[in-house]
Amino acid sequence: MLNEMIASYLYSMSTVFFIRQVAAILLLFLMGYFLILTLNKGNINTFSVLLAFPLGVSVYSLVFFILLILNIRVTGLNLTGTLIFIVILCMTINLLWNKDYFGGNDLKAVLICIITVLCIAVISSSGFLPTSVTNDSLYYYSMYPKALVHFGELRKQFNVFLTDVGMTSATLNTLPFMYGFNEGFGIQWFMNINTLFIVIYALYTRCAEIMNRKKTNIFTVLLTGILISTMPYLIMSKWAMSNGYFMCFMFISVYTAYMYAGGKTSIYVSAIIFTMTAFLRMEGSIVALVLILCISTLKAYSNGKLFGFYILPVFAVSVMYDVRIFCFMNIEAPYTFLTKEKAMVQLAAMVIVSVYILFFRSKGSLNPAYLKVLLPLGLIIVNMILFMFNKTLYVENLKAFVANISNQSGWGVFPMFIIGVYVLCIVVSFKNGDKKVKSEGNVREVIPGYTYWDLCFLAYLLTAIAVSFAREDALRESIGDSGNRVMLQSVLLAFYAGAEHIIGLLKE
C-alpha cells in the first residue's frame with residue numbers, strides 16, 4: 001500500500017519535476033550567456049554560446065561552495081539573490097562603459113538559441129536517455145547534496161563526505177533539492193550534449209583550417225560518429241557520478257585555455273571553468289596543477305596571467321577549504337581520502353608551481369618549449385618515487401590499470417584505436433622523413449608532431465596513476481573501481497589528441 005502511495009505521488013509530481021528541471025537548465029544557460037556577453041563586452045559568437053551553460057553551472061557551483069566555506073548559511077533565497085546580483089552588477093558596469101552594449105546583438109539569434117536550449121533540455125530531462133546509478137551515486141550524487149541544502153552549511157557530522165567528495169560536484173548536484181525537482185539526470189545529460197557540441201566545434205574548426213568545406217563536413221561527422229560509439233564515452237556520459245562531469249569540464253578547460261591563447265575566448269570565462277574543474281573531485285587540484293603546466297607551454301600566456309587567473313583562484317579556495325575542515329572541524333573516520341598531510345602536500349605543490357610560473361618559466365631549459373618534454377619526465381620521476389616508497393601497492397595499482405584496460409572494463413576497443421592512431425603517425429612521420437621543427441599555437445615543438453593535446457593527455461595519464469596511489473589501498477579490476485573511473489575520465493582528451501593527428505594526416 002505504501003509503495004502504491006509513493007508511486008502515485010511521484011507520478012503526479014513528475015510533470016512538475018520535469019518543468020522545474022527544464023527551467024533550471026534554461027536559467028543556468030541564460031546566466032552563463034549574459035555573463036559571457038558581459039565579459040566579452042557585448043561580443044558573442046558560436047563558441048561563446050556553447051560555453052554559456054558550463055559557465056552558468058560553474059558560477060552556481062562555485063558561489064555555493066564559497067558561501068559554505070565562509071560559513072554563510074545557504075538558502076534558496078540568498079543563493080539565487082547572490083547569483084542575480086553578480087549578473088546585474090557585471091551588466092551594469094559594462095553598460096556604463098558602453099552605451100551601445102547590446103546594440104550589435106541579433107534578437108532573432110538569441111531567440112533561436114533559447115528555443116534550441118529548451119528543445120535539448122526537454123530531451124535531456126525526458127527520461128528517455130539512459131542513466132546508470134550505483135551506490136556511490138546515491139551517497140555522493142544525492143544524499144550529500146540533499147544534506148547541504150537541508151542544513152545550508154558544512155557540518156562535522158558530514159564526516160567522510162568532507163574529505164572524499166569534490167565540493168563543486170556536491171554543490172552542482174544540489175540543484176534538484178534547491179529548486180524543487182527530484183534528481184539531476186537531465187542536467188548531466190544536457191552537460192554531456194553541450195560538451196559534445198564543443199567537441200564537434202573543435203573538430204570542425206580544426207578540419208576547416210586544412211580542408212575544403214565538403215571534406216570538413218565529412219570528416220567532422222565521421223570523427224563524431226567514432227566518439228559517440230566508443231564504450232568509455234558512453235559509460236561516462238550516462239553514469240550518475242562526478243567522473244562524467246569531470247570528463248566534460250576537463251576537456252572544456254583545456255580547450256578554452258587553448259582558444260584564449262588563440263584570442264578566441266575570454267580568459268575570465270576560461271579561468272572560472274578551470275576553477276570549477278579543480279574542485280569537481282578531491283584529486284582535481286593536483287590535476288589542475290599539471291594542466292596549468294601544460295597550459296604554460298602556450299606562449300600567448302604571460303606569467304602574470306597564468307598565476308592570477310589559473311593558480312591563484314585554485315590556491316585561495318583550497319586554503320580556505322582546508323582551513324575550514326581541518327582547523328574548525330573534527331573529522332573522525334577510519335578512512336579519508338584527503339588528510340591533513342595530503343592537503344599540505346597539495347598546497348606545497350601549488351607553491352612550487354607558482355614559483356616556477358612567476359620566476360623560472362621564461363628562463364633557460366625551463367622555458368615552455370622544453371617543458372613539453374620535461375613535464376612528462378618529471379611525472380615519471382614522481383611515479384618512480386612512489387614506487388620506491390611502497391613497491392607492493394604501486395605494482396598492485398599498475399596491475400589493476402592494465403587488467404581493466406586489457407580485459408575491457410568499460411574500455412572496449414578504444415585503447416587499441418588510440419594506440420593505432422599514434423603508431424600510424426609515427427610510421428608516416430618516419431616514411432616522410434619529417435625532421436622539421438614545426439609550430440603550433442605559439443609553441444615551438446621540440447619533437448615534431450608532439451602537440452599541446454598530446455602533452456595534456458600524457459600528463460593526465462601519468463598524474464592519474466600517481467594520484468591513485470594516494471588511496472592507500474590497492475585498486476582492483478572492475479569497471480566501477482575508482483582508479484578505473486579516473487582513467488575513463490581521459491576519454492575526451494585522448495580522443496581529441498588522436499583526432500588532431502588523424503586530421504593532420506588528411507591535410508591537403
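The values are calculated or read from the model by the stated rules, or taken from the named source; none is laboratory data. Since we're looking at a predicted model, the values are computed, not measured. Counting neighbours? That spans all protein chains shown, and the Cβs are built from the backbone with ideal geometry, glycine included. Each accessible area value is taken on the protein alone, full model and side chains, heavy atoms only, with ligands, DNA and RNA left out. Shrake-Rupley method; radii C 1.70, N 1.55, O 1.52, S 1.80 Å.
Could you point to the residue in 323, 67, 249 farthest towards the positive end of the chain's charge dipole, with +1 and -1 charges on the Cβ of Lys/Arg and Asp/Glu respectively?
Going by the Cα projections, it comes out as 249.
Quick one: if you stick a label point 7 Å off each Cα along the C-beta vector at residue 392 and residue 221, how many nm between them?
Placing both labels 7 Å beyond Cα along the Cβ direction yields 5.8 nm.
Which entries of 264/507; 108/264; 238/264; 41/264; 299/342; 215/238 show an alpha-carbon separation above 21 angstrom in the structure shown?
Details: 264/507 23 Å; 108/264 23 Å; 238/264 31 Å; 41/264 14 Å; 299/342 32 Å; 215/238 31 Å.
Among 264/507; 108/264; 238/264; 41/264; 299/342; 215/238, the Cα-Cα distance tops 21 Å for 264/507; 108/264; 238/264; 299/342; 215/238.
Pulled fully out, how much extra length does the chain show between residue 134 and residue 93, if you take 0.36 nm times their separation in residues and subtract their Cα-Cα distance?
Working: separation 41, 0.36 × 41 = 14.76 nm, distance 4.59 nm.
Extra length from residue 134 to residue 93 when fully extended: 10.2 nm.
Test of the criteria: in the stretch 323-400, which GluC sites (Glu not before Pro) are in a DSSP loop and have at most 15 other Cβ atoms within 10 angstrom of their Cβ?
In loop regions of the stretch 323-400 (DSSP not H, G, I, E or B), the sparsely surrounded GluC sites (Glu not before Pro) are 332.
How many nm is it between the label spots at residue 424 and residue 505, if each spot is 7 Å from the Cα in line with the beta carbon?
So the label points at residue 424 and residue 505 sit 0.3 nm apart.
Probe radius 1.4 Å, ligands and nucleic acids left out: which of 281, 206, 73 has the largest accessible area, and how do the rest follow? Provide the component values of the computation, followed by the final result.
Numbers: 281 35, 206 60, 73 125 Å².
In descending accessible area the options line up as 73, 206, 281.
For the stretch 170-318, which whole-number percentage of the solvent-accessible area (1.4 Å probe, protein heavy atoms only) is attributable to carbon and sulfur atoms?
On the way: 2910 of 4300 Å².
Result for the stretch 170-318: 68 percent of the exposed heavy-atom area is carbon or sulfur.
Would you calculate, for the chain, the mean residue ellipticity at 222 nm contributed by helices, counting each DSSP H stretch of 4 or more residues as -39,500 (n - 2.57) and dividing by all residues, to the nearest 500? Kindly include the intermediate steps, with their values, before the conclusion.
Details: 22 runs with 349 residues, N = 508.
The per-residue figure over the chain is -22500 deg cm²/dmol.
Once the Cβ-Cβ distance between residue 380 and residue 473 is put in as r, and R0 is 25 Å, what FRET efficiency do you end up with, to the nearest 0.05?
Values: r = 24 Å, r/R0 = 0.95.
Step by step, r from the Cβ atoms, then E = 0.60.
Output the relative contact order of the stretch 233-366, whole-number percent, from Cα pairs under 8 angstrom with separation of 6+ residues. Please list the in-between numbers first.
Working: 93 pairs, mean separation 30.1, N = 134.
That works out to 22 percent.
Based on the Cα coordinates of the chain, what is the per residue volume of their convex hull in Å³? Display every interim value, and only then the final one.
Values: hull volume 84.8 nm³, N = 508.
Here the figure is 167 Å³ per residue.
For the chain, build the charge dipole from Cβ charges (+1 Lys, Arg; -1 Asp, Glu) around the Cα centre, then report which of 83, 355, 177 sits farthest towards its positive end.
Ranked along the dipole, the leading option is 355.
Hey, can you find the accessible area per residue of the chain for me, probe 1.4 Å, expressed in square angstrom?
Details: 22750 Å² over 508 residues.
With all protein chains present, the chain gives 45 Å² per residue.
When the chain is fully extended, how far beyond the present Cα-Cα distance does residue 71 get from residue 403, taking 0.36 nm per residue of separation? Walk me through the numbers before you get to the answer.
Working: separation 332, 0.36 × 332 = 119.52 nm, distance 4.44 nm.
Taking residue 71 through residue 403 to full extension adds about 115.1 nm, to one decimal.
Multiply the residue gap between residue 157 and residue 360 by 0.36 nm, knock off their C-alpha separation, and tell me the result in nm, one decimal place. Intermediate values should be presented prior to the final figure.
Values: separation 203, 0.36 × 203 = 73.08 nm, distance 4.40 nm.
Taking residue 157 through residue 360 to full extension adds about 68.7 nm, to one decimal.
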